[in-house]
Amino acid sequence: MGVAAKIASAVLWNIGRFLPVQNNKIVVTNFYGRGYGDNPKPIVAELLRRHAAVDIVWLTAGKTEAESLPAGVRAVPYTAWNRIRELCTAKVWIDNNRKGARVKKPGQWYLQTWHGFALKRIERDAEASLPAGYAAYAARDSAQTDLIVSNAALMTRIYKESFWYDGEVAEFGSPRNDVLFAPVEGSREKVRAALSLPEGASIALYAPTFRADGSMDAYCLDYGRLQKALEKRFGGRWIILIRLHPHVMAQAKELHFDGKNTFDATAYDDMQELLAAADAVVSDYSSLMFDYGLTGRPCFQFAVDIEAYSRDRNFYFPLSKMPFPLATDHAALEQAVLTWDEKQAKEHWTAFCREFGLHEDGKASARCADWILEKMKG
């Protein structure tokens with residue numbers, strides 16, 4: 001942000017100090033302006049389901065994001081004045097990332113959901129790799145936060161020790177994972193229709209995380225070999241969806257999708273619906289694996305650059321503790337698929353959850369909605 005923009009922002013925040021708080025207003029932000037998704041989505045869906053008498057504002061970066069919102073949610077463009085005006089007049093803020101608010105008034109409440117179980121080190125634990133000024137920005141955001149939602153003892157510890165935060169953490173679970181406890185048919189039909197997938201085919205989702213340098217070199221999965229292994233091990237016809245991380249989604253055009261066996265799911269806006277629809281998942285270091293583990297379906301790690309990646313971010317625990325088979329080349333991934341054992345996979349997952357205190361029950365959104373409505377009463 002340039003000097004002029006900083007001065008303008010400071011002026012707008014000072015104006016916002018004098019705007020009255022509207023006791024029925026909630027302002028939601030998803031990754032600085034993305035559409036209806038991640039942890040805020042199911043919380044809002046729960047509020048809508050309850051027909052709560054609230055004005056729900058969702059800050060959106062563009063037309064596509066605004067069009068993703070359901071009836072009952074008001075899209076407001078994520079511009080400086082719009083954002084500041086809405087935040088300064090809302091009773092409750094919901095966010096899954098840092099928001100950078102300059103002013104929070106008495107009687108306003110801030111619910112922070114974050115966005116996943118951490119494998120890679122984050123916040124203060126990765127301070128050396130963070131942009132200049134981020135620590136002060138994050139500390140200001142944490143000072144305004146009233147509640148952080150956690151889904152594991154490990155995450156609770158990270159929030160308390162590494163988020164420049166000394167407030168309340170509630171192990172409600174991750175709202176975005178509630179869908180993984182619901183019947184799968186709805187998500188599967190929605191995904192099939194949106195991506196024009198063939199009927200009757202089982203779905204494998206390949207969803208690697210991004211690299212700091214934006215490189216695509218590690219995205220070298222042999223789709224054909226994986227498809228054949230899945231069909232041999234589990235039977236039937238399989239197709240593969242590829243979803244790149246939002247940080248590199250523009251580079252999806254560099255990959256080849258034949259529209260018959262491989263499909264581009266990068267633009268699909270809800271990762272949790274893709275996970276709910278998938279019959280198997282392949283990733284590398286993404287936290288989505290810990291979400292998908294809740295389904296009990298096959299999940300595999302395919303990571304060809306472990307040494308380089310760990311030098312960049314490092315991990316909270318060794319990859320050897322991961323409850324999913326780890327393959328560092330195509331032959332190892334093929335073997336992991338062919339020898340996947342449901343009983344053994346369940347034992348590994350149960351032991352992992354016990355060690356790191358991970359627990360979900362599909363009711364996180366309801367708990368968050370209860371907290372929000374209680375604060376709005378006050």
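The values are calculated or read from the model by the stated rules, or taken from the named source; none is laboratory data. Remember, predicted model here, so these are calculated numbers, not experimental data. Because the Cβ atoms are built from the backbone with ideal geometry, glycine has one as well, and the counts that use them run over all protein chains shown. Please note that ligands, DNA and RNA were not included when accessible areas were found on the heavy atoms of the full protein model with its side chains. Shrake-Rupley method; radii C 1.70, N 1.55, O 1.52, S 1.80 Å.
Per-residue accessible area (protein heavy atoms, 1.4 Å probe) orders R176, R188, R157, R354 as R354, R157, R188, R176, starting from the largest.
With a Förster radius of 25 Å, plug the Cβ-Cβ distance of A128 and F31 into 1/(1 + (r/R0)^6) and report the FRET value to the nearest 0.05.
Working: r = 24 Å, r/R0 = 0.94.
Plugging the Cβ-Cβ distance into 1/(1 + (r/R0)^6) gives 0.60.
Exceedance of the 20 Å cut-off in Cα-Cα distance is limited, within the set K120/K190; K25/K99; K25/K190; K41/K190, to K120/K190; K25/K190. Stretching the chain fully between R354 and T339 yields a gain of 2.9 nm (0.36 nm per residue, less the alpha carbon separation). Measuring only protein heavy atoms, the 1.4 Å probe finds D222 accessible over about 60 Å². Ordering 193-203, 25-35, 320-330 by mean Cβ neighbour count within 10 Å, with the highest value first, yields 25-35, 320-330, 193-203. Is the shape of the chain best called rounded, prolate or oblate, per the rule: a/c under 1.5 gives rounded, else a/b larger than b/c gives prolate, else oblate, with a ≥ b ≥ c the square roots of the Cα gyration tensor eigenvalues? Because a/c hits 1.5 or more and a/b exceeds b/c, the chain counts as prolate. For the chain, DSSP calls about 5 percent of its internal beta bridges antiparallel. In this rough spin-label picture, where each label sits 7 Å from Cα along the Cβ direction, the E347-E185 distance is 3.5 nm. The alpha-carbon of K160 sits under 16 angstrom from the alpha-carbon of none of the lysines, leaving out residues fewer than 8 places away in its chain. Taking amide H as placed 1.01 Å from N in the peptide plane, the amide H of A90 sits under 5 Å from that of Q22, each at least 5 places away or on another chain. Computed from Cα positions, the angle between helix 342-356 and the longest principal axis of the chain comes to roughly 30 degrees. The C-alpha atoms of the chain define a longest principal axis, and helix 134-144 lies at about 60 degrees to it. Placing unit charges on the Cβ atoms only, positive for Lys and Arg and negative for Asp and Glu, gives region 54-185 a dipole magnitude near 480 debye about its Cα centre.
Just want to confirm a number: the relative contact order over the chain, from Cα pairs under 8 angstrom separated by 6+ residues, in percent. Provide the component values of the computation, followed by the final result.
Values: 650 pairs, mean separation 67.0, N = 378.
Relative contact order here is 18 percent.
The order of the peptides 127-139, 228-240 by mean Cβ neighbours within 10 Å, most packed first, is 228-240, 127-139. Between rounded, prolate and oblate, where does region 258-378 land on the alpha carbon gyration tensor, with a ≥ b ≥ c its root eigenvalues, rounded for a/c under 1.5, else prolate if a/b exceeds b/c? Prolate, since a/c reaches 1.5 and a/b exceeds b/c. Were the residues from H115 through A267 laid out at 0.36 nm apart, the gain over their Cα-Cα distance would be 52.9 nm.
With the other protein chains left in place, how much accessible area per residue, in square angstrom, belongs to the chain at a 1.4 angstrom probe? The partial results should precede the final answer.
Values: 16550 Å² over 378 residues.
About 44 Å² of surface per residue is accessible.
Label separation (R17 vs A80): 1.8 nm, computed from points 7 Å beyond Cα along the C-beta direction. Length gained on full extension, R311 to A153: 54.3 nm, using 0.36 nm per residue less the C-alpha separation. Tell me whether region 63-192 comes out rounded, prolate or oblate; compute the Cα gyration tensor, take square roots of the eigenvalues as a ≥ b ≥ c, and use a/c under 1.5 as the rounded threshold. Oblate is the answer for region 63-192, as a/c is 1.5 or above yet b/c matches or exceeds a/b. Along the axis of the charge dipole computed for region 136-191 (Cβ charges of +1 for Lys and Arg, -1 for Asp and Glu, origin at the Cα centre), the listed residues S150, G186, S162 are led at the positive end by G186. Once both labels are positioned 7 Å from their Cα atoms along Cα-to-Cβ, the gap between E168 and H330 label points is 5.4 nm.
Here the Karplus relation 6.51 cos²θ - 1.76 cosθ + 1.60, evaluated at θ = phi - 60°, turns the backbone of region 4-13 into coupling constants of 4, 5, 5, 5, 4, 4, 4, 4, 5, 5 Hz, with x for every Gly and Pro.
Relative to the longest principal axis of the Cα atoms of the chain, the long axis of helix 364-377 makes an angle of roughly 0 degrees.
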